[in-house]
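Below is one structure; the comments refer to it alone.
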Amino acid sequence: MIIAPGRLLIRGFLVGGRPKATLHSFRHTFSSTLRDLGLSMEDRRVLLAHTSSSTTRLYTHPNFDLAAEYVNRMPGYGEPI
């Protein structure tokens, strides 16, 4: 019996208590992780096999923790004026 990759993934995550994981959700996670590692939008577009960067942008979710880290690195940020 051959099990489709998506169904195998869902079975594995159900056992681990994560029923909402899908192959599609991995594409979102993959794109966001690559962004966090500094990979350009164009390189992520190629890896996700998108024809348009606007599609890739939809797959990339904001990382507010990373954004706060960058803001906090700004010289003088948080100091009294």
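Would you check if there is a residue in segment 29-51 being touching a helix residue (DSSP H, G or I) at 6+ places or on another chain (Cβ under 9 Å), aromatic (Phe, Trp, Tyr) and at pLDDT 80 or above? Yes - at least one qualifying residue is present in segment 29-51.
Selection over segment 37-65 of residues that are touching a residue at least 12 places away in the same chain (Cβ under 8 Å) and either surrounded by fewer than 12 Cβ atoms within 10 Å (Cβ to Cβ) or not in a helix (DSSP H, G or I) (or both) gives a count of 4.
Ser25: more than 29 Å from Arg11 (Cα to Cα) and either in contact with a Pro (Cβ under 7 Å, 6 or more places away or on another chain) or among the small types (Gly, Ala, Ser) (or both), yes or no?
no
The values are calculated or read from the model by the stated rules, or taken from the named source; none is laboratory data. Here the structure is a predicted model, which means the values were calculated and not measured. Note that we place each Cβ from the backbone using ideal geometry, even for glycine, and neighbour counts take in every protein chain shown.
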